[in-house]
Structures are given as C-alpha cells and as structure tokens.
Amino acid sequence: MRRIEALQHINELTAELPLVVTCAATSRELASVENRDNHFYVLDAMGLVGSITTGLALAARDSALPKVVGLEGDGSLLMNPNVLPTGGFIAPEKLFIILLDNQVYGSTASIPTYADRVDLGSLAGAAGWTVGLADDEASLRSEYARLLTTAGPTFLHVKIEVGNAADIPKLLVDPVTLTNRFQAWFTARLEQGAEVPE
Ligand SMILES: [Mg+2]
C-alpha cells in the first residue's frame, strides 16, 4: 500500500474528526487528496504530532467526539518517542495515533530509520496502548473501526511502501492560518458534538 492510498482511506474515515498531521510528504499528500478545516498540518514541527494530539484528546474529554486522531510517520515518532509512555501513563480516553510506517525518512532521500529493527507498535503496546496492525487497505479500515471505538489510547500501525506520490505541490500555507482554521473548526466541533463516521 502506498502512502497516498492509505491517506485516501484515512481522509474519508476521519471526515468528522480532528486530524493532526505530521510534516512534509504526509501533509502534502493528504492536502492533495483533500485540504479540510479538520486537518491540522504540523508543518516543520517534526515529532510533535503525538504531543499535540494528546493535549487535544484531553481537551475533548467531555465532548461527543469519539477520538482525536494524530497521523504520524516512523521517523517523526522516533524523534519524540516519549509520546508513547506519556500517552500510556496519562491514558486519555480519546487519544488515537495512526502510524504510517515505511521504515525510512520519506522526505529526505529515504534514509532508513530505526523502524526496521525497532517495532514501534510493540513499543506502544508495552506503554499501555491498544495496538492494531494494518498492511493493506482492508485491514486499515477494519482495524481503524475497531480502535475508533476502543476507549483509552489506541495505536494503528500501518505498514506502507517506500516512496512518495509524484507531482505533489508543496504545502506553502502560513502555519498561523492553518492553526486559526483548525482552532475554529475544533472549537465548534467540541460544542456541537460529532457523529462517528461509518
Ligand atoms: Mg517514514
């Protein structure tokens, strides 16, 4: 499964949920699929998706949102793996991380990460997260559905191919604009509640 194929499913599945997205190729490719108000692209802040998602999940504790979703890469998660023990220890009910794992730094010439020898799903499980594994589009959708309705920190480990989609434009949007857009959407969603997509 290519990254952009996984992103097409994730975009559809998270249409009504906050989605915090890691930088570079993942943000660019998701924005090329669809650029929506519920997408918070964490541009140039590699490693902070888990931290931001944890905070937002705590903020959404009393809302009707089923989960707050963070979309990470293996290189980015390895930059700040502390999010795993922190999430496991605090255990926000609505914390959900999806890891797109191709075992390389996809935006810097596919230099290998540690993920070919360090199993990030096992690391999350050891820290107390409920973990699912997906290696194709069907298992991505079925494990997503299972973890969306599992209370406590959940972690969907998605194996993807090395390589980036061709001809994707750079995401040259002011981060302040992105933040304001997402903040307005999230605040309204907390007040309105949210329906769980099918
Ligand atoms: Mg990677």
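The values are calculated or read from the model by the stated rules, or taken from the named source; none is laboratory data. Since we're looking at a predicted model, the values are computed, not measured. All Cβ positions, even for glycine, are placed from backbone atoms using ideal geometry, and neighbour counts span all protein chains on display. Keep in mind that these areas ignore ligands, DNA and RNA; they rest on the heavy atoms of the full protein, side chains included. Shrake-Rupley method; radii C 1.70, N 1.55, O 1.52, S 1.80 Å.
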Carbon + sulfur, % of accessible area of the chain - ligands and nucleic acids excluded, 1.4 Å: 53
Sequence-distant aspartates and glutamates (8 or more away, or on other chains) whose Cα lies within less than 15 Å of Lys94: Glu16, Asp62, Glu195
Cut-off of 10 Å, at most 15 other beta carbons, DSSP loop: longest stretch of the chain lacking such trypsin sites (Lys or Arg not before Pro): 62-116
Long-range amide H partners of Val21 with built H, under 5 Å: Phe40, Tyr41, Val42, Leu71
From phi via Karplus (6.51, -1.76, 1.60), per-residue ³J(HN,Hα) for segment 110-123 in Hz, x at Gly/Pro: 6, 5, x, 9, 6, 5, 6, 10, 10, 7, 5, x, 5, 4
Residue-wise HN-Hα coupling along segment 135-142, computed from phi with Karplus coefficients 6.51, -1.76, 1.60 (Hz; x: Gly, Pro): 10, 8, 5, 5, 6, 4, 5, 6
Normalised contact order of the chain, rounded percent, pairs of Cα under 8 Å and 6 or more residues apart: 28
Helical mean residue ellipticity (222 nm; -39500 (n - 2.57) per DSSP H run of 4+; nearest 500) of the chain: -12500 deg cm²/dmol
Accessible area in square angstrom per residue, the chain, 1.4 angstrom probe: 45
Amide H partners (placed H, <5 Å) of Thr113, local residues excluded: Val104, Tyr105
Rounded FRET efficiency, nearest 0.05, which uses the C-beta distance separating Asp116 from Gln183 and R0 of 41 Å: 0.65
Amide H contacts of Ile97 (H built 1.01 Å from N, under 5 Å, at least 5 apart or other chain): Gly70, Thr154, Phe155, Leu156
Those aspartates and glutamates that a straight Cα-Cα span of less than 16 Å connects to Lys159, excepting residues fewer than 8 apart in one chain: Glu5, Glu72, Asp74, Asp101, Asp116, Asp119, Asp135, Asp136, Glu137, Glu143
Rounded to whole Hz, the Karplus (6.51, -1.76, 1.60) HN-Hα couplings of segment 185-190, x for glycine and proline: 4, 5, 4, 5, 5, 4
